[in-house]
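Structure, as structure tokens:
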Amino acid sequence: MAFLIRTLSLVVTIAASSFPIHAQNSPSPAPLHKPDQESIGALERRVPELMKQADIPGISIALIRDGKTYWLHEFGVRDTKTATPVTTDTIFEAASLSKPVFTYGVLKLVDARKLDLDAPLSKYLPKPYIEGDPRINQITARFVLSHRTGFRNWRNDDGLRIYFTPGERFSYSGEGFVYLQKVVQQITGMPVNTYMNEAVFTPLGMTSSSYLWRDDYDQRTANGHDPDMQPQDKGKPNEPNVASSLQTTARDYAAFLDALLNGKGLKPETLREMEKPQIAVNPECTNCTDKEPKELSKSVFWGLGIGIQETGDGEALWHWGDNGAFKAYAVVYPKQKFGVVYFANSENGLSIAREIIRTAIGGDQPALLWVKYDAYDSAAMQFAKAVREEGAAQAIAQFRPALVRGDVSEDSINDTGYRLLHQKKTADAISIFQLNVELHPTSANAYDSLGEAFMANSEKDLAVENYKKSLELNPDNRNARDMLKKLQQP
């Protein structure tokens, strides 16, 4: 199937003891502590080491203490080819950290009684957002903000569909936010970025933030990088997407988090609603339209537009962001009024999240287990690097014991295969996908990916064979069915 990009962001957790996580070291958490000069010194020493080990070119980070931005710092470069250093004014993609900011703007409309959290969104639009499914009339702003719409994260070639009864369960969805964006524009009578500038960015002093590209960004932006630290083409959004297109700085985002911690701009009861668990997540997945939960997490929930983790230290609000070559993470503790946010210009940017948070503020972070990003020192990251540097055959031989033990997850192997496929290293990609089939012989997705690689290599018969096997294991695999139809045309 298509290469998975987790969005992000922004998405939540379960305790390690109740849900096994492959290929990620899980040291005992450091005690939760207020950021101080010792934290700053430790970060100044530790972050460059982590960036070097994880192949991350640049990071911008902010610490929050007593409800105020306490420390801002930058590390590394905006672009490995130009070696231009990251500064306080460097623009990063917020990815799914876009969503909490938009949520704040939505809740200001709730406070103004222009939007009812529990009214069907269809009442605000002149025509149904999608045709042919009356369940669209059950979707409310509350369901969008707590990811209970029944939409997938992003629509596929079949268009936008509702996969389960709205409100029934959690499944992370950017599409829901796009729907709510249309409603906000209808209510306010203005483009969403104009509204966000008036309602959020200007009042909070977020002078560098926009869901649309600005001319001044050209001289300030970071470029994203692949795992080999190669710069990628920088997207410059000319259409706003409140789920993912926010361009911002660590300084601006810390100002937003300061506002949340201090209750600035929202009625107390509205802020409490935002920070109240609305739904427990499925411990096994973030995008769960095709999977009903066997159980619900006891430590990770979703509020309104933001994740909530319950720990021995109390409640923490969090979100992650993933736009591929840009990554981001934020976590704050409302009771203690401190936290941390950082932005990275690398596909590997979330591999060091655990260590950054451990160094900055400590505490148990079950959300990081739930989103399941491989740690910088994990077998999965080391295997992927060996594949890039030494080739598939040598890496597979070197890591065979770890692969057989399950130290490298199916998803991680699949991602490595797709990177090779996108780099036109088709023979190596086939080897990686064959490895995944060997290790996970009952996985429909493993056979689907192998079929795609054989198709890319013009090996039609082998592609058909693997797509058939995928469909046998999962009769609902629409991609395999479509590919077989295409391949078997006369």
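Sorting 440-447, 400-407 by their mean Cβ neighbour count within 10 Å, with the most densely packed peptide first, gives 440-447, 400-407.
Between Ala427 and Gln489, the distance separating the two model label sites (each 7 Å from Cα on the Cα→Cβ line) works out to 3.1 nm. The protection proxy used here, the mean number of other Cβ atoms lying within 10 Å of each residue, ranks peptides 472-483, 246-257, 362-373 as follows, highest first: 246-257, 362-373, 472-483.
For Glu410 and Glu239, the difference between the fully extended length at 0.36 nm per residue and the C-alpha to C-alpha distance is 58.1 nm.
Can you give the Rg to Rh ratio for the range 405-448, taking only C-alpha atoms and Rh from Kirkwood?
0.95
Spin-label pair Glu168-Glu44: with each label point 7 Å from Cα along the Cα-Cβ axis, the two points sit 5.5 nm from one another. When only alpha carbons are used to place a centre, the range 258-313 and the range 216-248 end up 28 Å from one another. By the compact-protein rule of thumb, 2.2 N^0.38 Å, the alpha-carbon radius of gyration of the range 113-186 corresponds to a ratio of 0.99.
Taken about its Cα centre, the chain carries a charge dipole of roughly 900 debye when the Cβ of each Lys and Arg holds +1 and the Cβ of each Asp and Glu holds -1. Got a sec? Which residues in the range 304-343 would a label at Asn262 touch, if it sits 7 Å along Cα→Cβ and we count backbone N under 18 Å? Of the residues in the range 304-343, 332-341 have backbone N under 18 Å from the label point off Asn262. Paramagnetic label reach from Glu472 (point 7 Å along Cα→Cβ; backbone nitrogen cut-off under 14 Å): within the range 407-438, no residues. A dipole drawn for the range 105-148 from +1 and -1 charges on Cβ atoms has a positive end, and of Val110, Pro128, Gln138 the residue lying farthest that way is Val110. Taking packing as the residue-averaged number of other Cβ atoms within 10 angstrom, the listed peptides 217-225, 328-336, 142-150, 126-134 run from highest to lowest as 142-150, 328-336, 217-225, 126-134.
Put in order of Cβ neighbour count within 10 Å, fewest first, the listed residues Tyr172, Tyr163 become Tyr163, Tyr172. So, in Å, what gap is there between the alpha-carbon centers of the range 43-106 and the range 448-490? Each part's Cα centre sits 42 Å from the other's. Once you order the gyration tensor axes a ≥ b ≥ c over the Cα atoms, which shape class does the range 283-401 get: rounded for a/c under 1.5, otherwise prolate or oblate by comparing a/b with b/c? Prolate is the answer for the range 283-401, as a/c is 1.5 or above and a/b outweighs b/c.
The residues neighbouring Pro277, those whose beta-carbon lies less than 10 Å from its own, together hold a net charge of -2 under the Lys/Arg +1, Asp/Glu -1 convention. Computed over neighbours whose Cβ is under 13 Å from that of Pro366, the net charge equals -1, Lys and Arg +1, Asp and Glu -1.
Laboratory data are not the source of any read-out in this text; all were calculated from the coordinates shown. If you're wondering where the values come from, they're calculated on a predicted model, not measured in any experiment. Every residue, glycine as well, gets a Cβ built from its backbone with ideal geometry; the counts of neighbours run over all protein chains shown.
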